[in-house]
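Here the structure is laid out as structure tokens; the discussion comes afterwards.
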Amino acid sequence: MNGPAYLDHNASSPMWPEVATTMMDLMRHPGNASSVHGFGRKYRQYVEDAREEVAALVGASAGRVIFTSGGTEANNLALNGCGRSIVLASSIEHDSVLHAGEGIRSLPVGSDGVIDQIRLEAALTEAAEPVVISVMLANNETGVVQPVADVVACAAEHGAIVHTDAVQAAGRIVVDAVGLGVDMVTLSAHKIGGPQGVGALILGRDLPISARIRGGGQERGRRAGTENMAGIAGFGVAARLARENIENMKPVGQLRDEMEKRLRKAIPDVAVFGDKVERLPNTSCFAIPGLRSETQVMALDLAGLAVSAGSACSSGKVTPSHVLRAMGVSETLAGCAIRVSFGQDNRLDDIERLVAELVALYRRVGKRPADAA
């Protein structure tokens, strides 16, 4: 019998062994990066080394990296700390953006999951005061890559600043904060093989940020609290490894495409979302009509295959995706969608098992798919 296969890397990627080793070594020794003695100075060096690596992952300056407790805090810091009371956010953003405050105004996307730039232009024209635009670089559920550079160009004409949540994009595609021209970028360590509980907000320029967590001078006064030393060091190692191994995402993309090819052959009425535009190479979101999302997730789990029904940040709830609904997908079809997200550890036999299990499940509900071979 085959062992379990993890196909949910967008929820959290397996930790690089080198990350775990680095963190364990640090946790064996005392220290606080704010202390002035030798132990503290050693810890401070780990923080600054990690800052360099995290900045390099997105082509930014190390001095503009603000470490946080994760992507959610970084998104909240960006939108609530930038001094703009109006936030224009695409309707497919992560909940940590859509629910970051009272001033969120939703921008529609097309059926392909790409932001409607005509509506963005109109919203900017109508705004009575300067705004911040938040458009994720790549969607966590469909993998659809957004035209962030075009958004930046539009924003510049209206004096707006731009934040991009690059949590899912980093480590899967090359992220160039300078080239994109964004003012703020959010990252999360555990999406790139680092530890959970640490992330970063990275400034594209010297943008004033008002701390949301106060009480100390850490992170140049922009985020108080004793640094999560081991987590930050692990984040730095993961950022370096993600950057060094970015070319390995090409075969991951080939694996995703092969899975979709076999699935379409076996179940012709499967709907693959966002497949006509650029997507992350590791992500596939699809729906098999008549098969509820929770039914698929549970059946695959029993077969040792881990997938999800969308974002993993909803306390285990399986509800129709707000991302798919924003794309105009019916509630019925959205209720049949699952997300498969691959990593560099996945192999061909994983997709063979996945397709075989889905075909078997499809047959059990009275359908007759084509030959899955």
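No lab work stands behind these numbers, since they all come straight from the coordinates. On a predicted model such as this, the values are computed, not experimentally measured, just so you know. Methodologically, a virtual Cβ is constructed for each residue, glycine included, from the backbone with ideal geometry; neighbour enumeration extends over all protein chains shown.
Observations
- Over segment 198-259, the hull volume per residue, using the convex hull of the C-alpha atoms, is 140 Å³.
- Non-local Lys pairs in the chain, i.e. 8 or more apart or on different chains, that have alpha carbons under 20 Å apart: 7
- In this Cβ point-charge picture (+1 for Lys and Arg, -1 for Asp and Glu), segment 178-249 has a dipole of about 240 debye about its Cα centre.
- Listed values for segment 162-175 are Karplus-derived 3J(HN,Hα) couplings in whole Hz (6.51 cos²θ - 1.76 cosθ + 1.60, θ = phi - 60°), namely 10, 10, 10, 7, 9, 4, 7, 6, 4, x, 10, 9, 5, 10, and x replaces Gly and Pro.
- Globularity ratio of segment 57-156, using Cα Rg and 2.2 N^0.38 Å: 1.07
- Ellipticity estimate at 222 nm from DSSP helix runs (n ≥ 4, -39,500 (n - 2.57)) divided over the chain, nearest 500: -11000 deg cm²/dmol
- Between the helical axis of 348-364 and the longest alpha-carbon principal axis of the chain there is an angle of about 50 degrees.
- Taking Cα atoms only, the orientation of helix 117-126 departs from the longest principal axis of the chain by about 40 degrees.
- Pairwise FRET efficiency - Ile213 versus Thr125, Cβ, R0 = 35 Å, nearest 0.05: 0.50
- Here, segment 17-244 yields an orientationally averaged convex hull projection of 12.0 nm² when only Cα atoms define the hull.
- Loop-located GluC sites (Glu not before Pro) in segment 155-252, at most 15 other Cβ atoms within 10 Å (DSSP): Glu157
- Applying D = kT/(6 pi eta Rh) to segment 90-204, where Rh is the Kirkwood radius over alpha-carbon pairs, T corresponds to 20 °C and eta to 1.002 mPa s, the Stokes-Einstein value obtained is 148 µm²/s.
- Taking θ as phi - 60° and the Karplus parameters 6.51, -1.76 and 1.60, the scalar couplings of segment 57-70 work out to 4, 10, x, 10, 8, 4, x, 9, 8, 10, 6, 10, 7, x Hz in sequence order, x denoting glycine and proline.
- Computed from Cα positions, the angle between helix 249-266 and the longest principal axis of the chain comes to roughly 30 degrees.
- In this label model, Asp269 and Ala20 are separated by 4.4 nm, measuring between points 7 Å along each Cα→Cβ vector.
- Cβ charges +1 (Lys, Arg) and -1 (Asp, Glu), total dipole of the chain, debye: 580
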